[in-house]
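For reference, the structure discussed in these notes is given below.
The values are calculated or read from the model by the stated rules, or taken from the named source; none is laboratory data. No experiment lies behind these values; they were computed from the predicted model shown. We place every Cβ from the backbone using ideal geometry, glycine too, and count neighbours over all the protein chains shown.
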């Protein structure tokens, strides 16, 4: 009987350990950032992956290929008013947000198909707006991907890069 109780206790401990490990935080948690630029409310929803000692630009995120600008679902960019991105008009609405990274010039894409998983079904024909920007080297490395909405621009920061675009 004592052996049976010991086996039961070990079994309960094992289940507790397995359940506790199953509750770990996701590696790329969902994040939301909201801010105002020139009276427009902008909301960006994205999965925030970590560098975790990987080479990001040119390897994990290949150059010259459409990237979902985050993890898991495609990143979404929503504005409640028409805004101007790098000199081009973007109507009010919700868009999937993609980047085609390159060391010299990256392409920022606002696609009308807001609900997408990654960039697997990305359709260029549904692009509302594309603009080109120059990525900048960050002063220090940023472990978790983060978006910042400032008074006149939006900045994607991850690893050693900042990709920003002006908003008016």
* Asked: Name the residues in the range 109-127 that are touching a helix residue (DSSP H, G or I) at 6+ places or on another chain (Cβ under 6 Å) and at pLDDT 95 or above, would you?
  -> 111, 112
* Structure fact -> Of the residues in the range 45-69, those that are within 20 Å of residue 132 (Cβ to Cβ), touching a residue at least 60 places away in the same chain (Cβ under 8 Å) and outside any loop (DSSP other than H, G, I, E, B) come to 57
* Please tell me if residue 92 is farther than 18 Å from residue 29 by Cβ and either loosely packed, with under 14 Cβ neighbours inside 10 Å or free of Cβ contacts under 8 Å to residues at least 12 places away in the same chain (or both). => yes
* Asked: Taking strands (runs of 3 or more DSSP E) that do not extend beyond the range 70-168, which have at least 1 residues that are within 16 Å of the chain's Cα centre (by Cα)?
  -> 75-79, 93-100, 106-111, 136-149, 153-166
* Would a scan of the range 25-43 turn up a residue that is over 22 Å from residue 152 (Cα atoms), surrounded by fewer than 16 Cβ atoms within 10 Å (Cβ to Cβ), in contact with a helix residue (DSSP H, G or I) (Cβ under 9 Å, 6 or more places away or on another chain) and free of Cβ contacts under 8 Å to residues at least 40 places away in the same chain? -> no
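Residues are listed down the side, and each one gets a yes or a no for (1) under 18 Å from residue 58 (Cα atoms); (2) surrounded by 16 or more Cβ atoms within 10 Å (Cβ to Cβ):
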{"residue": "112", "(1), (2)": "no, no"}
{"residue": "123", "(1), (2)": "no, no"}
{"residue": "135", "(1), (2)": "yes, yes"}
{"residue": "149", "(1), (2)": "no, yes"}
{"residue": "163", "(1), (2)": "yes, yes"}
* Asked: Do the conditions hold for residue 77, that is, is it modelled with pLDDT of 95 or more, farther than 18 Å from residue 147 by Cα, touching a strand residue (DSSP E or B) at 6+ places or on another chain (Cβ under 9 Å) and surrounded by 13 or more Cβ atoms within 10 Å (Cβ to Cβ)?
  -> no
